[in-house]
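Beneath this line is the structure, given in structure tokens, with notes to follow.
The values are calculated or read from the model by the stated rules, or taken from the named source; none is laboratory data. Note that this is a predicted model, so its numbers are computed, not measured. Because the Cβ atoms are built from the backbone with ideal geometry, glycine has one as well, and the counts that use them run over all protein chains shown.
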Amino acid sequence: MSQEVSNKLRAEAPIGVFDSGVGGLTVAREIMRQIPNERIVYFGDTARVPYGSKSRETITRYSKQILRFLQKFQVKTIVVACNTASAYALDELEAETDIPMLGVVKPGAKTAAEVTKNGRIGVIATDATIDSQIYTKYIKELNKDVTIYGKACPLFVPLVEEGLWQDPVTDEIARRYLTELIDIDIDTLILGCTHYPLIRSTLGRIMGDAVTLVNPAYETAQELKEMLEQRGLLNRTPPALGANPYQFYVSDSAEKFKRFANSIIKYGILSAKTINIEEY
Ligand code: DGL
């Protein structure tokens, strides 16, 4: 096979994307928007969500099983679309394989470090992500003069999954969580959990216009595109007419996942399959 043909075949391989459940669809959606020629195999660990309240050991074990599952599809790269898994498992996953990987934390941290003017950055995320201090670590590597304030907002995940995106209950809880960040005058807020972009308008209204919201999903898709381009892996061939470039797998009910996914992703009819991730 000529080098050119083999590169083209590699470029046409799918991208693996995984998350603890449905939240990573906000990342998958950005990839679909920004690099529409790409095929995606998505895995959502809906039977074992949330990761945000679990230990490093458990998150890493789950993530390694998912890596082994995604390897079956000869993926050309893997996006760890979960902030919690990016915080705890990414290094160990990278050590297990040559497949290039991208987490969501670094891209979000980089943007926040660039956009802050007053050097006061807030991060909202799961308990585990906040405890890991991962955003602080990456931001400080880029700019040691900024101050980072982390705030765990565990109730946002169930509220989003209940569909309460625009609801007085979500409003009330968001106000309670965010008041302390408003009081310390941050000018940048990282939405450090996959679910939070879905309540972005509520968060933006409460924080006010002076605060820039950073959505790591957007930055990750951008960085992914650059990485694929640099490695000659960007897919230049659009999917064939009628072909479904997106495959979704979950560890719990596929029907439930599809209902949620169809409210987020507007790119064609979605099909999803349940698999037993414990076999990997
Ligand atoms: N996907 C997770 C994250 O971004 C949120 C849900 C969970 O706790 O598993 O951190």
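A few remarks follow.
- Test: residue in region 211-221 that is farther than 20 Å from ILE134 by Cβ, at pLDDT 95 or above and not polar (S, T, N, Q): yes
- For region 179-220, the set of residues classified as surrounded by 22 or more Cβ atoms within 10 Å (Cβ to Cβ), hydrophobic (A, V, I, L, M, F, W, C) and farther than 17 Å from GLY23 by Cβ consists of ILE186, LEU189, listed by residue number.
- Summed over region 68-92, the residues that are surrounded by fewer than 19 Cβ atoms within 10 Å (Cβ to Cβ) and out of contact with any Ser or Thr (no Cβ under 8 Å at 6 or more places or on another chain) give a count of 5.
- Qualifying position, being farther than 19 Å from ALA217 by Cβ and modelled with pLDDT of 95 or more, among ARG176, ARG200: ARG176
- The residues of region 245-267 that are surrounded by 14 or more Cβ atoms within 10 Å (Cβ to Cβ) and part of a loop (DSSP other than H, G, I, E, B), listed by number, are PRO245, SER251, ASP252, ILE265, TYR267.
- In the set GLU278, GLU223, GLU229, only one residue is in contact (Cβ under 8 Å) with a residue 12 or more places away in the chain, loosely packed, with under 14 Cβ neighbours inside 10 Å and at negative phi; that residue is GLU278.
- Qualifying residue in region 28-50 (condition: closer than 16 Å to ALA125 by Cα, surrounded by 24 or more Cβ atoms within 10 Å (Cβ to Cβ) and modelled with pLDDT of 95 or more): no
- All conditions but one from (1) part of a helix (DSSP H, G or I); (2) in contact with an Asp or Glu (Cβ under 7 Å, 6 or more places away or on another chain) apply to THR136; the one that does not is (2).
- The listed residues are GLY108, GLY163, GLY122, and the only one of them that is assigned to a loop (DSSP other than H, G, I, E, B) and either small (Gly, Ala, Ser) or more than 25 Å from SER20 (Cα to Cα) (or both) turns out to be GLY163.
- THR97 among the hydroxyl-bearing types (Ser, Thr, Tyr), over 25 Å from ALA221 (Cα atoms), surrounded by fewer than 20 Cβ atoms within 10 Å (Cβ to Cβ) and in contact (Cβ under 8 Å) with a residue 12 or more places away in the chain: no
- The single residue among GLU219, GLU223, GLU229 that is farther than 19 Å from THR26 by Cβ and of a type in the set (D, E, K, R) turns out to be GLU229.
- Subset of region 74-102 (residues that are more than 16 Å from the ligand (Cβ to nearest atom) and outside any strand (DSSP E or B)): GLN74, VAL75, LYS76, ASP91, GLU92, GLU94, ALA95, GLU96, THR97, ASP98, ILE99, PRO100
- Residue match in region 202-210 (condition: outside any helix (DSSP H, G or I) and within 16 Å of the ligand (Cβ to nearest atom)): no
- Scan region 10-59 for residues that are away from the ligand (no atom under 14 Å from the Cβ) and without any contact (Cβ under 8 Å) to a residue 40 or more places away in the chain and the total you get is 1.
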